[in-house]
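One structure is given here, and the rest of the page talks about it.
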Amino acid sequence: MTYQSSHRILRREPRPFPGQPPADLHPLLARLLASRGVSRVEELENGLNHLLPYQQLKGIEAATVLLEQALRECWRLLIVGDFDADGATSTAVAVRALRLLGAAEVDFLVPNRFEYGYGLTPEIVTVAAQSGPDLIITVDNGIASVDGVAAAHERGIRVLVTDHHLAPAELPAAEAIVNPNQPGDPFPSKHLAGVGVIFYTLLALRARLREAGWFTEQGIAEPNLAELLDLVALGTVADVVVLDHNNRILVAQGIARLRAGRGCAGINALCTVAKRDPARLRATDLGFAIGPRLNAAGRMDDMSLGIRCLLSEDPKEAMRLAIELDSLNQERRHVEGEMREEALAELQRLHLDGALPYGLCLYNPDWHQGVIGILASRVKERVHRPVIVFTDMGEGVIKGSARSVPGVHIRDALDAVASRHPGLLHKFGGHAMAAGMILALDGLETFRQAFDAEVRRHLSEEDLQGILLSDGELDPHTADMQLADTLRHALPWGQGFP
């Protein structure tokens, strides 16, 4: 017997399309777009000229000054990424672009999830220092790495932080920080993935180098950074960030490159092992077929494998690495299946003992660290409330991965718990919908109660039902393959834009 829950079906509020819709826009598609918040005809445009300008990012000037100096003085550059698909694509974009822009020496380092944990920690700085970098560039992490940046400075290593996670009260003393979610940043879109942030940073650097005559001086061709948009699209979709207009442009452009046969060898190889035709690729394929195979490296082994696949210029090598990633993904699915059955049995026990907590915490010392985030997502989809899944890290410390629902900003909820119970959480960070944390095992019960109490401050009993949003009935006379194809390929659908 498995735990089941109910759903409410809510009809989307019909809205008129803003202004006069284009003549070639299907009336049904116009209605769907309006109901999803499209407020200007310009939001239907997916050309790169409609991207928000990089000049609006706080810290972009300091970042490009630093990077120009790095290129001119031939600094050794080290990219420190994260161990998920966003981190992997961010790392690949940074390495590829900096080499194209004329950097003399660029390498990457990704902390192993099981040895070092997330981000630029003092421990990973010690590892990084062995290669003697002059500048560390973080991608998809670093905004909370106060101690890590300090450790780098103690070793004479400069740090540029590029990140998209929410900023803590204290920012690291890096030479420059680019993050649309840092305090005082005017960039209109707060939904860039980490790969989007580093892509924007490199666009700004290219413009600076062009104005300074760098490409002429060096005798190198000015690179077309749009060649990297397949990576940007993959990381953006896989990180499940909101597909606002700016992100839809990045994703649409990347998918267009893949469909035209201009994707990198690594993504093409991943398409092959996932049995997806690049010529018919869409955003859901990136999210549910390509992304999980890339993520499997960081979950089950070492994300360096995935990054090497994305950086490979040799189709045969890329295919060999993609086959390894596919094998790791199969292992991940097997482990996840076993964990899910155990979690559902625990849910059933909790349900029989009484009402489920509003904020649900599950713990099993044997669960795989790399898979607890997926398990939290699966359980959240079933019980429609914030879920945190914990497992052992050893030495009396446990690690948790959280997933939330609308109405509870999970990172802020953890911050509230930490404020009321100083010292309970050793470390935490994340987004509105996902977060991670570390605490002592003997503090778990205190945390359970505090977390449930915090969630109850934000959710009512009615909020704990799942919601299915409906656009209403479809006119049978319009239900044909032409309409299905129109909806499928009209523009990228995804998180925040279903």
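The values are calculated or read from the model by the stated rules, or taken from the named source; none is laboratory data. Everything quoted here is computed from the prediction, not taken from an experiment. Cβ placement follows ideal geometry from the backbone for every residue including glycine, while neighbour counts extend to all protein chains displayed. Protein only, heavy atoms only, side chains kept; ligands, DNA and RNA dropped before computing areas. Shrake-Rupley method; radii C 1.70, N 1.55, O 1.52, S 1.80 Å.
Only strands (runs of 3 or more DSSP E) wholly contained in segment 370-477 count here; list those with 1 or more residues that are in contact (Cβ under 8 Å) with a residue 12 or more places away in the chain and closer than 30 Å to Pro14 by Cβ.
The qualifying strands (runs of 3 or more DSSP E) are 466-470.
Anything in segment 1-22 that is at pLDDT 75 or above, of a type outside the set (Lys, Arg) and not in a strand (DSSP E or B)? List them, or say none.
Glu13, Pro14, Pro16, Phe17, Pro18, Gly19, Gln20, Pro21, Pro22
For the subset of segment 71-85 comprising residues that are modelled with pLDDT of 95 or more and either within 22 Å of Gly148 (Cβ to Cβ) or under 12 Å from the mean Cα position of the chain (by Cα) (or both), which member is surrounded by the fewest Cβ atoms within 10 Å (Cβ to Cβ)?
Arg76
Just to be sure, is Ala297 aliphatic (A, V, I, L, M) and open to solvent by less than 30 Å² (accessible area, probe 1.4 Å)?
Yes: the conditions hold for Ala297.
Which of the following residues is open to solvent by 40 Å² or more (accessible area, probe 1.4 Å) and either of a type outside the set (Ser, Thr, Tyr) or at pLDDT below 95 (or both): Ala413, Ala355, Ala402?
Among Ala413, Ala355, Ala402, only Ala355 is open to solvent by 40 Å² or more (accessible area, probe 1.4 Å) and either of a type outside the set (Ser, Thr, Tyr) or at pLDDT below 95 (or both).
Take the conditions among the hydrophobic types (A, V, I, L, M, F, W, C), in a helix (DSSP H, G or I) and within 22 Å of the chain's Cα centre (by Cα) and apply them to Ala318. Does it pass?
No: the conditions fail for Ala318.
I'd like the residue in segment 466-487 that is surrounded by 12 or more Cβ atoms within 10 Å (Cβ to Cβ) and not β-branched (Val, Ile, Thr) and, out of all such residues, is farthest from Ala402 (Cα to Cα).
Restricting to residues being surrounded by 12 or more Cβ atoms within 10 Å (Cβ to Cβ) and not β-branched (Val, Ile, Thr), the top hit is Leu483.
Could you list, in sequence order, all residues of segment 300-329 that are at pLDDT 95 or above, farther than 10 Å from Ala265 by Cβ and open to solvent by 50 Å² or more (accessible area, probe 1.4 Å)?
Answer for segment 300-329, where residues must be at pLDDT 95 or above, farther than 10 Å from Ala265 by Cβ and open to solvent by 50 Å² or more (accessible area, probe 1.4 Å): Arg308, Arg320, Ile323, Glu324, Ser327.
Got a sec? Which of Leu52, Leu67 is open to solvent by less than 30 Å² (accessible area, probe 1.4 Å), at pLDDT 85 or above and farther than 26 Å from Ile290 by Cα?
Of Leu52, Leu67, the one residue that is open to solvent by less than 30 Å² (accessible area, probe 1.4 Å), at pLDDT 85 or above and farther than 26 Å from Ile290 by Cα is Leu67.
Within segment 141-178, work out how many residues are open to solvent by 10 Å² or more (accessible area, probe 1.4 Å) and not in a loop (DSSP other than H, G, I, E, B).
8
Could you tell me whether any residue of segment 341-348 is open to solvent by less than 10 Å² (accessible area, probe 1.4 Å) and within 30 Å of Glu227 (Cα to Cα)?
no
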